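In what follows, a structure is listed as structure tokens, so that the remarks can point back to it.
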Amino acid sequence: MVGAWVAEAAARRIQVTRVMHYGITLSLVTGLALAAPWPPGIELNYPKIAVKLVILIALGAVLGIASARQKRTGAAPVGLFVAAGVLPLLAAGVAVLWV
């Protein structure tokens, strides 16, 4: 997700691409796989999982709205494009810094 966003930002194209949608789907699948209690008896950090899920849902909404506006007008709104780059970084920060 971040790689596709950086590539578009570096090329100065304010667009939401298919790769970004694939990235959010992959993020959901891997997040669910990592949050599954694989060994019995392990304690999970449910607040952290919930925060990351809320961020993922917000990112999905941002990508959906930006894609719809991009189809209608030809370009994604700048604010939504920036949010599509900041939210995955926020999710990564939560994953790394929340102990």
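The values are calculated or read from the model by the stated rules, or taken from the named source; none is laboratory data. Keep in mind it's a predicted model, so treat the numbers as computed, not measured. Don't worry about glycine lacking a Cβ; one is built from the backbone with ideal geometry, like all the others, and counts go over all protein chains shown.
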Close pairs (7 angstrom Cβ cut-off, 6 or more residues apart or separate chains): farther than 13 Å from Gly60 by Cβ in region 1-29, polar (S, T, N, Q) and not in a loop (DSSP other than H, G, I, E, B) anywhere: Gln15/Gln70
Region 33-59: number of residues that are among the β-branched types (Val, Ile, Thr) and at pLDDT 95 or above: 4
Residues within region 51-85 that are assigned to a helix (DSSP H, G or I), over 16 Å from the mean Cα position of the chain (by Cα) and of a type in the set (Gly, Ala, Ser), tallied: 1
Residues satisfying the stated conditions in region 1-22, i.e. part of a helix (DSSP H, G or I), under 25 Å from Leu97 (Cα atoms) and among the aliphatic types (A, V, I, L, M): Val2, Ala4, Val6, Met20
Residue satisfying condition, being part of a helix (DSSP H, G or I), surrounded by fewer than 16 Cβ atoms within 10 Å (Cβ to Cβ) and at pLDDT below 95, within set Thr30, Thr25: Thr30
Pairs with Cβ under 6 Å, 6+ apart, first in region 39-50 and within 15 Å of Gly93 (Cα to Cα), second at pLDDT 90 or above: Lys48/Trp98
Some residue of region 44-53 being loosely packed, with under 10 Cβ neighbours inside 10 Å and either more than 18 Å from Val2 (Cβ to Cβ) or charged (D, E, K, R) (or both): yes
Region 65-78, subset free of Cβ contacts under 8 Å to residues at least 60 places away in the same chain and either closer than 18 Å to Val2 by Cβ or among the aliphatic types (A, V, I, L, M) (or both), residue surrounded by the fewest Cβ atoms within 10 Å (Cβ to Cβ): Ala68
